[in-house]
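The values are calculated or read from the model by the stated rules, or taken from the named source; none is laboratory data. Note that this is a predicted model, so its numbers are computed, not measured. Every residue, glycine among them, receives a Cβ derived from its backbone with ideal geometry; neighbour counts consider all protein chains shown.
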There are 2 protein chains.
Amino acid sequence: MGFCLGVDLGGTNVKMGVFYEDGSLRDKWEIPTNRANSGVGVPRDIADSLLERMERLGISAGDTLGIGIGVPGQVWPDGTVDAENLGWERFPLIAGIEAATGLKVVADNDANVAAAGEYWQGAGRGYNSLVLVTLGTGVGGGIIIDGECLAGAHMAGGEIGHVRVEPRETLRCACGGFGCLEQYASATGCARMAKEELHKTTEPSMLRGLRNVDAKAVWDAAQAGDRLALRVADRFCDYLARGLAILAHTVDPEIFVIGGGVSRAGEILIDKTCEKYGSLALSFCRDTPIVLARLGNDAGIYGAAAMAIHKLK
Amino acid sequence: MGFCLGVDLGGTNVKMGVFYEDGSLRDKWEIPTNRANSGVGVPRDIADSLLERMERLGISAGDTLGIGIGVPGQVWPDGTVDAENLGWERFPLIAGIEAATGLKVVADNDANVAAAGEYWQGAGRGYNSLVLVTLGTGVGGGIIIDGECLAGAHMAGGEIGHVRVEPRETLRCACGGFGCLEQYASATGCARMAKEELHKTTEPSMLRGLRNVDAKAVWDAAQAGDRLALRVADRFCDYLARGLAILAHTVDPEIFVIGGGVSRAGEILIDKTCEKYGSLALSFCRDTPIVLARLGNDAGIYGAAAMAIHKLK
């Protein structure tokens, strides 16, 4: 059986994995992202690290289908990459890695790639379509239909964080808009809503007096039955469920997979979201499962490898 | 060149067309929908009418690829149809027409079929993806990506009318929910919002004293500069634009096509919607064209024929 390589390029680290074509992991590791000189050395670093590991594992280029890579930004049809985080604009990432490894490289946005990972070997395994919603600092998403990523005509497909769920919002989202899902159902949104609640009332709460009211603190307090935190958690899940219902009435996936840092809140988040989703969705898609992602931080390398197999085989 | 047949089954009439495979129309006609005995005679009526017309045109079954049919309801994988309007539940429509004609039959929901028609020979011709939004009594929609209809895992794909755009709504939608796009951006919604405005103020308006304040009256008055009607039109287009921005941030089509009875309002509706959409969409999908549908009441027969060619060829 052949191998393929999955790379998850982040602003801090580059995660890499060697996979068998059946989806099992042979080896994984990470290296720091070298951001010096606008990340000009990144393609070389990735190539060197992959080649060195392949040699150590006794894997030749001939045994290797190619490299898939997820990037924190947009991949253009010519293979160049925009990534604000790394200061890249039309950066020749694919060509650079191809030249340095002699292997074929395919790339896509990291949210789409993570969705492909969960579809291939994670919570979406065995389903024909899924939507992954990642609840992190922001809200990202990836849509997979019949094995294909719905990237969209302008790479806006799956930009679920900027679906507007609150027409009355007066605070501005990072995108410039008002009332985006990301303003509520993210770590940032969760912390902001908690601070607003704390400010608005004098109600006792475990959150009062904490130096840092972050999303984790809110969910821990909600889990412990803190009423103020539970209200914030309810609001968070209400907006998340509104986002999912919108996805149900547009792309209607077989399953929703919830990932990202905030998803560590676990069952309480899923239970509340399911309950609210049930009252928002049309009857025929009301039972769509909403589950936690399974691959955690490895979704990117799995998805990148899956994409390489899908596109290069 | 071969022929294919497109059928658009409605609650009142059945429209039918004979097409060349290149998409040009050879002949079209319609017959009344025989609703007696829960529409049990419909398959026979359609088959007889098609066969008679084929004979008159000198077209043999051997020259004919098959029949596509759009239905006002859901088509199940086994070929049976649910259509509330006709009292059908798991009605064997496909088998009935196949048996009576000896031709292959494929069927889909009428909104999806209309989208396929606009994609094939209408406003979406030459594009790779489109979303059709039909503004009628309700709001329907169809999503086409790379020539494939996004029907969804539970046939809720493209149920754009029930995307919730107003979390504060207290009036209930026909679906049982609150704040669905259909409650604002439909003929019914338009008339309701106008009546509310007339009730709320004593502001002079051309609409006062009309026996029937319907969507057409509202758009005619808006076109004539009536300030109250313009406010209603603005609100209508704001919600419609919110729906389109949601579609842009989920499926991100190359073009939006607006059809249905209310789209006869024409340029004023498109201009207002474009303006509002521009302030709601992410920068990279802000320029997605929003255009009027071109096939009018023929979208269904075109799309049904397109589907027959796509699936049977």
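Assorted remarks:
- Among the residues of region A:251-290, those that are more than 21 Å from A:ALA116 (Cβ to Cβ) and within 14 Å of chain B (Cβ to nearest Cβ) comprise A:LYS276, A:TYR277, A:GLY278, A:SER279, A:LEU280, A:ALA281, A:LEU282, A:SER283, A:PHE284, A:CYS285, A:ARG286, A:ASP287.
- Of the criteria (1) within 21 Å of B:CYS4 (Cα to Cα); (2) modelled with pLDDT under 95; (3) more than 22 Å from the chain's Cα centre (by Cα), which one B:SER38 fails: (1)
- Matching residues in region A:251-291 - criterion: being touching a Phe, Trp or Tyr at 6+ places or on another chain (Cβ under 9 Å), among the hydroxyl-bearing types (Ser, Thr, Tyr) and part of a helix (DSSP H, G or I): A:THR273, A:TYR277
- Among the residues of region A:230-250, those that are more than 18 Å from the chain's Cα centre (by Cα), among the hydrophobic types (A, V, I, L, M, F, W, C) and at the interface with chain B (Cβ under 8 Å from one of its Cβ atoms) comprise A:ALA245, A:ILE246, A:ALA248.
- Strands (runs of 3 or more DSSP E) fully within region B:1-59 counting 2 or more residues that are of a type in the set (Asp, Glu): B:25-32
- Selection status of A:GLY176, more than 9 Å from chain B (Cβ to nearest Cβ) and surrounded by fewer than 17 Cβ atoms within 10 Å (Cβ to Cβ): no
- Being in contact with an Asp or Glu (Cβ under 6 Å, 6 or more places away or on another chain) and of a type in the set (A, V, I, L, M, F, W, C) holds for only one residue in B:ALA222, B:ALA306, B:ALA299, and it is B:ALA299.
- First in region A:213-229 and in contact (Cβ under 8 Å) with a residue 24 or more places away in the chain, second anywhere and among the acidic types (Asp, Glu) and assigned to a helix (DSSP H, G or I), Cβ under 6 Å, 6 or more apart: A:LEU228/A:GLU197
- Residue match in region A:160-177 (condition: in contact with a Cys (Cβ under 9 Å, 6 or more places away or on another chain), β-branched (Val, Ile, Thr) and assigned by TED's automatic domain parsing to the domain that holds A:VAL257): yes
- Region B:150-200, residues that are without any contact (Cβ under 8 Å) to a residue 24 or more places away in the chain and charged (D, E, K, R): B:GLU159, B:ARG164, B:ARG168, B:GLU169, B:ARG172, B:ARG192, B:LYS195, B:GLU196, B:LYS200
- Check on A:PRO72, modelled with pLDDT under 95, outside the structural domain of A:PHE256 (by TED's automatic domain parsing) and closer than 16 Å to A:GLY303 by Cα: yes
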